[in-house]
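So the structure is just underneath, and the comments pick up after that.
The values are calculated or read from the model by the stated rules, or taken from the named source; none is laboratory data. Just so you know, these numbers come straight off a predicted model, no measurement behind them. All Cβ positions, even for glycine, are placed from backbone atoms using ideal geometry, and neighbour counts span all protein chains on display. SASA here: full protein model, heavy atoms, side chains in, ligands and nucleic acids out. Shrake-Rupley method; radii C 1.70, N 1.55, O 1.52, S 1.80 Å.
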Amino acid sequence: MATEKHFKYVVLGGGVAGGYAAREFAKQGVQPGELAIISREAVAPYERPALSKAYLFPQNPARLPGFHVCVGSGGERLLPEWYSEKGIELILNTEIVKADLASKTLTSAAGATFTYEILLIATGSSVIKLSDFGTQGADSNNILYLREVDDADKLYAAIQAKKGGKAVVVGGGYIGLELSAVLKMNNLDVTMVFPEPWCMPRLFTAEIAAFYESYYTNKGVKIVKGTVAVGFDADANGDVTAVKLKDGSVLEADIVVVGVGGRPLTTLFKGQVAEEKGGIKTDASFETSVPGVYAVGDVATFPMKIYNDVRRVEHVDHSRKSAEQAVKAIKGKESGEAVPEYDYLPYFYSRSFDLSWQFYGDNVGEAVLFGDSDPASAKPKFGSYWIKDGKVVGAFLEGGSGDENGLIAKVARAQPPVSSIEELKQDGLLFASKI
């Protein structure tokens, strides 16, 4: 007999956004049994960024329960017991296959139904697979992806099994750069392959990218640009042995890791809510076109006040903050209290090897590089400002201290005018400290 359960609030998705939403609900006050978090994963919400970094370290790798939310932002760690203590139902290993917003009903793969009064969509993204494009041999063994802790376990096992072997990383974005570094730290022979003229093209300028590419090359990572994987060879056991590239070359491979982006998981809601820019359209409270239905994190296309337009942001910082904002808005609506508008400043960061960068704002207009961007320096420290209409609109910093990262955030938020580009180049961080 299929069960039916009713909750006042349902959060659909047990990733970063789901976990931060749960914490905010608890903070605002929920009665036992009012809130459910429904997750396809087998574990309570955790800080996903750990998977491409500390989870794969050769020494003392991170493991759950060490990085459950909300430790990534300096908050308390919410263990599975925390949810039961708060009377929050954590429904794991449950994939929702149908959502009917008109009848406020969710149906699981196992046939269970869940009804709600308020729904918070926090489904996040799914990883784009090469098999989605019909790439030849893409379903061979040891062609791996990284999205969930299960994926990280498979990758970790492959690293142990192929000690000293050859790894090919397909993709030159976050995952490509972070995993190339961690595979190298595990003493694999690493080659990165990506089609663009330089790495992280959505954010990095050619000059910024040149630093990271040289740094990685100095660490022994080989980089192949301007081509894509068109097929894979495998042995009799179905294990991958080589990556075939469009330019005709072939790379031997014991492990292939693919990081070519994600897709927001909105399919359940197609035709039921307004969509924009590949996501579910929301207002400043993250409420969708359907009253009582909210969307946060990767799936939400929301008004970005600072730039007076609507955007969809795929980053952990926004997942956390949008989830908190939506819950505040839900509770504010009930109590009649006004909630301050979401005023998000885009923020991206990454860590690999001994490097650590942060970026704030918008990377449009003219980029001005400052500081020491010599990859051979003992401690390189450099940055970039982006200038549009005579104002600084974005700022990037590699190797900054906490205080210095705070300064570039302040600049991107304040958008100060620039009188001389030459002076800005000379001043570098000094410019930021005067704001």
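Listed values, structure above:
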quantity: Residue list for the range 245-265, filter: open to solvent by 50 Å² or more (accessible area, probe 1.4 Å), farther than 16 Å from residue 156 by Cα and either of a type in the set (Asp, Glu) or part of a strand (DSSP E or B) (or both); calculated: 247, 250, 252, 263
quantity: Test: residue in the range 163-178 that is part of a helix (DSSP H, G or I), more than 24 Å from residue 225 (Cα to Cα) and touching a Leu at 6+ places or on another chain (Cβ under 8 Å); calculated: no
quantity: Residue within the range 295-317 that is within 21 Å of residue 209 (Cα to Cα) and open to solvent by less than 30 Å² (accessible area, probe 1.4 Å) present; calculated: yes
quantity: Qualifying positions in the range 334-360 - hydroxyl-bearing (Ser, Thr, Tyr) and more than 30 Å from residue 213 (Cβ to Cβ); calculated: 335, 342, 344
quantity: Within the range 84-145, strands (runs of 3 or more DSSP E) holding 1 or more residues that are among the small types (Gly, Ala, Ser); calculated: 96-100, 105-108, 125-127
quantity: Meets criteria (more than 17 Å from residue 202 (Cα to Cα), in contact with a strand residue (DSSP E or B) (Cβ under 9 Å, 6 or more places away or on another chain) and assigned to a strand (DSSP E or B)) for residue 396; calculated: no
quantity: The range 50-66, residues that are crowded, with 20+ Cβ neighbours inside 10 Å and either touching a helix residue (DSSP H, G or I) at 6+ places or on another chain (Cβ under 6 Å) or among the acidic types (Asp, Glu) (or both); calculated: 51, 52, 55, 56
quantity: Filtered residues of the range 20-64 (kept if within 19 Å of residue 92 (Cβ to Cβ) and either in the same structural domain as residue 159 (by the TED database) or among the aromatic types (Phe, Trp, Tyr) (or both)); calculated: 20, 25, 46
quantity: Selection from the range 108-156 of residues that are under 24 Å from residue 64 (Cβ atoms) and either at pLDDT below 95 or charged (D, E, K, R) (or both); calculated: 147, 148, 150, 151, 153, 154
quantity: Residues that are assigned to a strand (DSSP E or B) and either under 18 Å from residue 176 (Cβ atoms) or within 15 Å of the chain's Cα centre (by Cα) (or both), drawn from the range 347-369; calculated: 347, 348, 349, 350, 351, 352, 355, 356, 357, 358, 359
quantity: Members of the range 194-253 that are more than 30 Å from residue 398 (Cα to Cα) and in contact with an Asp or Glu (Cβ under 6 Å, 6 or more places away or on another chain); calculated: 241, 242
quantity: Residue 407 being under 14 Å from residue 209 (Cα atoms) and modelled with pLDDT of 95 or more; calculated: no
quantity: Hits in the range 185-194 (condition: buried (at least 16 other Cβ atoms within 10 Å of the Cβ) and touching a residue at least 40 places away in the same chain (Cβ under 8 Å)); calculated: 185, 186, 188, 191, 193
quantity: Check on residue 361, buried (at least 21 other Cβ atoms within 10 Å of the Cβ) and modelled with pLDDT of 95 or more; calculated: yes
quantity: Residues (open to solvent by 20 Å² or more (accessible area, probe 1.4 Å), of a type outside the set (S, T, N, Q) and in a loop (DSSP other than H, G, I, E, B)) located in the range 269-294; calculated: 270, 271, 274, 277, 278, 283, 284, 290, 291
quantity: Only listed residue being modelled with pLDDT of 95 or more, assigned by the TED database to the domain that holds residue 15 and surrounded by fewer than 21 Cβ atoms within 10 Å (Cβ to Cβ), chosen from 162, 104, 166; calculated: 104
